[in-house]
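These notes are about the structure you will find just below.
The values are calculated or read from the model by the stated rules, or taken from the named source; none is laboratory data. On a predicted model such as this, the values are computed, not experimentally measured, just so you know. Cβ atoms come from the backbone with ideal geometry, glycine included; neighbour counts cover every protein chain shown. These area figures cover heavy atoms from the full protein model, side chains too; ligands, DNA and RNA do not enter into them. Shrake-Rupley method; radii C 1.70, N 1.55, O 1.52, S 1.80 Å.
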Amino acid sequence: MKRTLIAILTGFTLFAHIATAQNSSISENASLKNAEVSIQFYNRTMYYPGNSESNPIYVHVTVRNQGPDTLRFKLADDRMFSVDFKAVNLKNAKLPETQLLQQKRSTSQTVYFREITLEPEEEYSFTENLKNYIEITDPSIYYVVLNFYPELYRDQNNYISSKRLTLEVRPSPAAAASTSIAIQSDTSAILQAEEISPDKVVEQTIIARQQNFWDQYFLYMDLEEMLKRNPSRSRRYNSAGADSRNEMLREFKADLMQNRIDYDIVAVPYRFQIENTTYNQTKGTVTVLEWFKNNTYIEKKRYVYYVRQRDGIWQIYNYDVVNLESEALD
């Protein structure tokens, strides 16, 4: 059974200006050779570019003693003097540090730290917001590594690296044909998906379409999967780079809004009725009868919306349509 930290010694202070790296190294401390640092997402959700407070990326950091000897290291109360995150995009371009991080490390100040002692098989964990360390301004796939400094950041040559973590940052859930953030017209609040049931997701999506509220219409839709319903689009999307994919998604939204493609999913029913909803913990279907007015008759169709759950949020990712018997227009 895993054990945890058994001793935390008295805190000390030091000045936090960036000093010349000392000659100490991991090899000079035999116990540090057996230290393992691992990272994983904490309370993982859908991540978007921008604001650190409203959409943080929490990373759970664990330092573990894998060796037979006692492991000792320093840990700053302000973790920015104990850890560093490095991230690159698919083109291996490094993401810049935040101004907050640069300011803290370049300003002379007192930094409090503790000496941590771990016996064999013990571990110590804490959680940090990745966005406090790295500027993430664009949706893409990123590869993240953490460096842990057992003698604090002043000794930059003495660190332990974690394994690489893959981070997917999605396009912000904004209006399709706009670069601005989706805003609720009545409250001026940023739209955020809620943890509602699959039938409510479909119901709200259809009502949003009836009222021509595109922001709300796209809120619970996995546009990437909807785009890939078409084999030709899917091939082009899968072979494209991150920037081209983002542009394809923007064009796909614009085409949907102008009824250029996939007419069935954006057609506006004058009424609808949810017939059946079935789902398990991760996937489900919602069957809906929908009626559409034409000049002389009413089209009746059965839609089957396929939904799946990610981090507590249900999204529509596919659909089928069956044409039923038409009705005379009264």
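Give me the residue from segment 180-204 that is in contact with a Ser or Thr (Cβ under 9 Å, 6 or more places away or on another chain), part of a loop (DSSP other than H, G, I, E, B) and open to solvent by 90 Å² or more (accessible area, probe 1.4 Å) and, out of that set, modelled with the highest pLDDT. In this case the residue turns out to be Gln192.
What pairs can you find where one residue is in segment 260-271 and under 13 Å from Leu289 (Cα atoms) and at pLDDT 90 or above, the other is assigned to a helix (DSSP H, G or I) and of a type in the set (A, V, I, L, M), and their Cβ atoms are less than 8 Å apart, with a gap of 6+ or different chains? So the pair list comes out as Pro269/Ile206.
Take Thr98 and decide whether it is open to solvent by less than 40 Å² (accessible area, probe 1.4 Å) and polar (S, T, N, Q). Criteria met by Thr98. Being surrounded by fewer than 19 Cβ atoms within 10 Å (Cβ to Cβ), closer than 20 Å to Lys163 by Cβ and in contact with an Asp or Glu (Cβ under 9 Å, 6 or more places away or on another chain) is a property that does not hold for Ile134. Restricting to segment 287-326, name every residue that is in a strand (DSSP E or B) and farther than 19 Å from Asp262 by Cα. Of everything in segment 287-326, those that are in a strand (DSSP E or B) and farther than 19 Å from Asp262 by Cα turn out to be Tyr297, Ile298, Arg308, Gln309, Arg310, Ile313, Trp314.
Taking Thr277, is it part of a strand (DSSP E or B), out of contact with any Pro (no Cβ under 7 Å at 6 or more places or on another chain) and among the β-branched types (Val, Ile, Thr)? Criteria not met by Thr277.
Scanning segment 205-258 for residues that are among the polar types (S, T, N, Q) and crowded, with 18+ Cβ neighbours inside 10 Å, we see that the one that is farthest from Gly284 (Cα to Cα) is Gln216. Within segment 273-305, if we keep just the residues that are of a type in the set (Phe, Trp, Tyr) and touching a helix residue (DSSP H, G or I) at 6+ places or on another chain (Cβ under 9 Å), the residue that is farthest from Lys200 (Cα to Cα) turns out to be Tyr303. Scanning segment 275-320 for residues that are surrounded by fewer than 14 Cβ atoms within 10 Å (Cβ to Cβ) and either under 22 Å from Leu227 (Cα atoms) or not charged (D, E, K, R) (or both) yields Asn276, Thr278, Asn280, Gln281, Thr282, Asn294, Asn295, Thr296, Tyr297, Asp311, Gly312, Asp320.
Of all the residues in segment 62-111, those that are under 20 Å from Pro150 (Cα atoms) and in contact with a helix residue (DSSP H, G or I) (Cβ under 8 Å, 6 or more places away or on another chain) number 17. In the set (1) part of a loop (DSSP other than H, G, I, E, B); (2) of a type in the set (D, E, K, R); (3) touching a strand residue (DSSP E or B) at 6+ places or on another chain (Cβ under 9 Å), the condition left unmet by Arg72 is number (1). Considering segment 47-86 alone, what residues qualify as being out of contact with any Lys or Arg (no Cβ under 7 Å at 6 or more places or on another chain), among the hydrophobic types (A, V, I, L, M, F, W, C) and closer than 25 Å to Glu135 by Cβ? Of everything in segment 47-86, those that are out of contact with any Lys or Arg (no Cβ under 7 Å at 6 or more places or on another chain), among the hydrophobic types (A, V, I, L, M, F, W, C) and closer than 25 Å to Glu135 by Cβ turn out to be Val59, Val61, Ala76, Phe81, Val83, Phe85.
For (1) β-branched (Val, Ile, Thr); (2) in contact with a Ser or Thr (Cβ under 8 Å, 6 or more places away or on another chain); (3) touching a residue at least 60 places away in the same chain (Cβ under 8 Å), each residue gets a yes or a no:
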residue: Leu71; (1), (2), (3): no, yes, no
residue: Arg79; (1), (2), (3): no, no, no
residue: Pro96; (1), (2), (3): no, no, no
residue: Gln102; (1), (2), (3): no, no, no
residue: Thr107; (1), (2), (3): yes, no, yes
residue: Glu123; (1), (2), (3): no, yes, yes
residue: Thr127; (1), (2), (3): yes, no, yes
residue: Asn132; (1), (2), (3): no, yes, yes
